[in-house]
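Structure first, commentary second.
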Amino acid sequence: MYFKNRADAGRQLAQRLHAYRTKNCVVLAMGPGAVLVGAHIANELHADLFMLLTEKIMLPGEPVALAAVSPGESVTYNTNLSSGEIEELKAEFYNVIESERFAKMQKLHALLGPDGDIPPDMLRRRTVILVSDGLSDPFELDIAADYLKPIKIERLVIVTPFASVNAVDSMHLRADEIQCLSVSDTLYETDHYYDDNTVPDIDGVHKIMRNTPLNWHLD
């Protein structure tokens with residue numbers, strides 16, 4: 001399934017979420033591209049929009065990320081690796097991992113700035129609509145789940161235009177409800193599914209989130 005752009009995907013997903021228009025919900029986008037999808041959902045539902053920005057920790061010579069860091073200094077290890085592999089890499093590259101973790105957290109703080117913080121009270125006891133612009137790897141969901149774990153939310157709804165079979169299996173395990181427009185055994189990189197892949201810089205993303213309440217659609 002292909003889309004004109006991320007806004008097009010957001011509009012199609014928003015049509016499936018009308019039931020949440022009167023609910024106490026918030027939209028949490030998994031990265032800048034997901035903000036473009038989530039903005040249209042937030043507009044339709046009259047919901048606040050936030051972004052969960054993460055950074056992955058890569059090790060020399062390793063093809064996949066060992067872990068990822070998210071705001072609040074949460075570290076999530078990649079479940080695509082076995083526990084034995086993770087422990088071996090942690091022992092071998094301890095100093096590298098600590099250095100990368102610190103550097104990635106510093107980068108997150110710089111990118112997020114004062115406009116990027118997510119006040120926990122804005123998520124607590126609310127329905128969180130977790131939005132992606134395409135899910136090929138369950139690892140992305142693991143990162144979001146670890147971030148949300150200490151926050152007592154009311155309900156989790158995971159929303160994505162397309163996902164791999166493995167990601168959908170993980171969505172079913174983690175969410176109270178999922179909305180996915182297309183499922184495939186294998187996926188290309190996310191940009192492949194959008195004719196227009198324009199994503200604004202971080203300042204533009206912050207502006208979209210700030211202006212979301214101004215764009216709430218009137219009845």
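Worth pointing out:
- Here Asp142, Asp203 are placed in order of increasing Cβ neighbour count within 10 Å, fewest first, which gives Asp203, Asp142.
- If you sort the three axes of the alpha carbon gyration tensor as a ≥ b ≥ c, you get a/c under 1.5 for region 84-219, which makes it rounded.
- In sequence order, calculated HN-Hα J values of region 15-24 (Karplus, 6.51, -1.76, 1.60; Hz; x Gly/Pro): 5, 8, 10, 4, 4, 8, 4, 9, 9, 8
- Surrounding net charge for Gly72, when Lys and Arg each add one and Asp and Glu each subtract one, Cβ distance under 12 Å: -2
- Antiparallel bridge percentage (DSSP; both residues within the chain; nearest 5): 25
- Alpha carbon centroid spacing (whole Å) that separates region 166-202 from region 42-89: 16
- Each helix, a run of at least 4 DSSP H residues, gives -39500 (n - 2.57); summed and divided by the residues of the chain, these come to -11500 deg cm²/dmol at 222 nm.
- Between 0 and 90°, nearest 10: helix 165-174 axis offset from the chain longest Cα axis: 80
- Using C-alpha pairs under 8 Å with a sequence gap of at least 6, the mean separation divided by the residue count of the chain gives a relative contact order of 27 percent.
- Among the listed pairs Lys104/Lys152; Lys56/Lys107; Lys23/Lys149, a Cα-Cα separation exceeding 18 Å is found for Lys104/Lys152; Lys23/Lys149.
- Chymotrypsin sites (Phe, Trp or Tyr not before Pro) lying in DSSP loop within region 1-45, provided at most 12 other Cβ fall within 10 Å: Tyr2
- DSSP-assigned coil residues among GluC sites (Glu not before Pro) in region 61-133, each with at most 13 further Cβ atoms within 10 Å: Glu73
- Using only Cα coordinates, the Kirkwood hydrodynamic radius of region 1-87 works out to 15.1 Å.
- Loop-located chymotrypsin sites (Phe, Trp or Tyr not before Pro) in region 58-125, at most 12 other Cβ atoms within 10 Å (DSSP): none
- The residues neighbouring Asp191, those whose beta-carbon lies less than 11 Å from its own, together hold a net charge of -3 under the Lys/Arg +1, Asp/Glu -1 convention.
- Between 0 and 90 degrees, the angle of helix 32-45 with respect to the longest Cα principal axis of the chain falls at about 30 degrees.
Only the coordinates and a few stated rules stand behind these numbers; no lab work does. Here the structure is a predicted model, which is why all the values come from computation and not from measurement. Methodologically, a virtual Cβ is constructed for each residue, glycine included, from the backbone with ideal geometry; neighbour enumeration extends over all protein chains shown.
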